[in-house]
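Please read the structure below before turning to the comments.
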Amino acid sequence: MLPQVSSLLEDAAPRAVKKLLDLLDNAHRDETQLKAAVELLKLSGIEKSTQVQTTERSAPTKGLTPEAADAIRRQILGIET
């Protein structure tokens with residue numbers, strides 16, 4: 001990951017978590033509260049694990065790979081591997 005991106009993510013992580021906590025506690029819609037709760041659980045590492053194995057190479061998709069997303073979550077949470 002580029003150092004600039006990593007630094008920006010580190011700086012934004014506490015605000016992002018605070019925002020999710022605020023939505024969990026104060027959102028007017030139950031759906032919004034549920035989505036915030038699910039995302040917080042995912043960030044904490046508490047989620048149902050699903051492993052998919054493919055034999056074909058699939059077309060590239062937009063967004064982060066699962067590995068990159070996990071690396072960002074570990075960095076946000078300060079978990080070292």
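The values are calculated or read from the model by the stated rules, or taken from the named source; none is laboratory data. Being a predicted model, the structure only gives us computed values, none of them experimental. Reconstructed Cβ throughout: ideal geometry from the backbone, glycine too, with neighbour counts over all protein chains shown.
Structure data summary
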read-out	value
Scan of the range 5-40 for residues that are surrounded by 12 or more Cβ atoms within 10 Å (Cβ to Cβ) and either among the hydroxyl-bearing types (Ser, Thr, Tyr) or in contact with a Cys (Cβ under 8 Å, 6 or more places away or on another chain) (or both), ordered by number	Ser6, Thr32
Matching helices (runs of 4 or more DSSP H) fully within the chain where at least 1 residues are among the acidic types (Asp, Glu) and modelled with pLDDT under 85	66-77
